[in-house]
Each structure stands twice: as C-alpha cells, then as structure tokens.
Amino acid sequence: MLTAVGTMMAQNGRRPGEGGGAVFAMTNATAGNEIVVYSRNADGAIERLNRNVPTRGLGIGVDTDTQGPLRLSADHRFLYAVNPGSDNVTVFEVSGTRLKFLQIVDAGDQPLSLTLTDDLLYVLNGSVAGNGIRGFRIASDGTLTPLPNSFRALSSPIAVPGEVRFSPDGGVILVTHKTTNVLLTPQNAIDAFTIGADGYASATPVRNESFGLRPFSWRSAMTPDWW
C-alpha cells in the first residue's frame, strides 16, 4: 500500500517480456523515499512489482501538493525524483521496469516539482524559506550539475507553488501560485521567467493574472504528448 503517492509516471519503452512498459510512483515516506514500480500491459493495465527502489533521500510523509515531483526524460532513459525531506534530487537510469541509481544532488530548500527541457532541469523549492526555482545542466549520462547562483525567488514569498514547467519551446518557465496575496497585483498569479541562452532564468519573474483561485497545474495546446 502506498502511504503517500507523490506522482505516477508512465514509461512507454517496450522490452521483451515487459508488455507495454512501466509505471513509477513515489512514496514520499519520511523514513526513506522510494520509487514504487509497476509493469504496464499493452492494454494499459498495471501490476505492482514486488520491489521498491530507494531514492537514498527522505520524503515528508504527506503528498507534495504539487505536480511533477517525479519526471521522466523525454527519451525515457532517466527518471528524476525529489526528496523534499532531505532537500535533494535523485537520478535513476531507466531500463524497462529496472531502475539504476546514478546520483543524488543537493536541490535547495524542500524541492517539490521538476521540469526538463533539452539539457536543462529546473527545481521548484516550495519552502517559505526558499520559495523559488534553481537550475541544473543535464549531462549525456543523465546526471545533474548545478548552475551556480541560479536560484530565483518567486514574485510572492507566500506563493505555496503548485508546479514548475518549461514552455514547449523551452524559452519560458511558468510557476503556479496556490495562494492569494492581497498585497500584490494581481492577487492570484502565475509567474513567468524567461530563459537565456546560458540556461539561466531572468532575475525576476513577470507576475501574470491567473484568472482564477488556486491555479495548480497547466498544459499548453502545443505540449508534446510525452511532456
């Protein structure tokens, strides 16, 4: 039984004897975060396998209340998982339903959501003490290298953010705010950071009106199916 499922991700690559692919979930347990592995049949049915894979980091024991704490690379070769209880991100190599631990890297105060494009990965730090985003370069082997001094604060210190995501062209990062801040205009917002050729986000975001309360997640009409 999953005590706290942060997210589930489907992996479509087919290998002999593995049907339609794999599905991965995250426990987010305080005693030790783990990835729960399922096989997925061609008809979409899933079956839990009798093995959990430790991330070597810690969860927070409840749901992350965000989208995207577990992300697959576009080519389905690598899986990235947040460990909000130990402030780091784990990288796995994916081979069907098999996961191979590659790396655990510091990721700021309470990483809660991830987004990837090309050779960039950005983490959303959801703690009030570190409410913002920070960037990493993705190497060809899937491992991460921090972009020095890449942390960018959100437009509100009490954003309680819901998701960080690249635009489909990789030129903008959007972050949803789940709280209303009556001291700012607009009161309900989605932050937009532009991304430079060097991979760094703009120093400050544009605060956009969300036109609704508690924006949680979003999807572009131009978004690829895997995204």
Residues satisfying the stated conditions in the stretch 164-212, i.e. outside any loop (DSSP other than H, G, I, E, B) and among the basic types (Lys, Arg):
165, 207
With respect to residue 39, determine if the residue is touching a strand residue (DSSP E or B) at 6+ places or on another chain (Cβ under 7 Å) and more than 23 Å from residue 173 (Cβ to Cβ).
yes
Would the stretch 113-131 turn up any residue that is surrounded by 20 or more Cβ atoms within 10 Å (Cβ to Cβ), within 22 Å of residue 194 (Cβ to Cβ) and touching a helix residue (DSSP H, G or I) at 6+ places or on another chain (Cβ under 6 Å)?
no
Got at least one residue in the stretch 49-63 being in contact with a strand residue (DSSP E or B) (Cβ under 8 Å, 6 or more places away or on another chain), outside any strand (DSSP E or B) and of a type in the set (A, V, I, L, M)?
yes
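Yes/no matrix, rows are residues, columns are (1) β-branched (Val, Ile, Thr); (2) surrounded by fewer than 20 Cβ atoms within 10 Å (Cβ to Cβ); (3) more than 24 Å from residue 90 (Cβ to Cβ):
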site: 137; (1), (2), (3): no, yes, no
site: 148; (1), (2), (3): no, yes, no
site: 155; (1), (2), (3): no, no, yes
site: 159; (1), (2), (3): no, no, yes
site: 167; (1), (2), (3): no, yes, yes
site: 172; (1), (2), (3): yes, yes, yes
Subset tally (residues that are of a type in the set (S, T, N, Q), in contact with a Leu (Cβ under 9 Å, 6 or more places away or on another chain) and farther than 17 Å from residue 94 by Cβ) for the stretch 52-74:
2
Could you please find all residues in the stretch 22-44 being buried (at least 20 other Cβ atoms within 10 Å of the Cβ), assigned to a strand (DSSP E or B) and not β-branched (Val, Ile, Thr)?
22, 24, 25, 26, 34, 40
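Every number here is computed from the coordinates shown, using simple stated rules; none is lab data. Computed from a prediction, not measured in an experiment: that's the story for all the values here. When we count neighbours, we look across all protein chains shown, and the Cβ atoms used for this are built from the backbone with ideal geometry, even at glycine.
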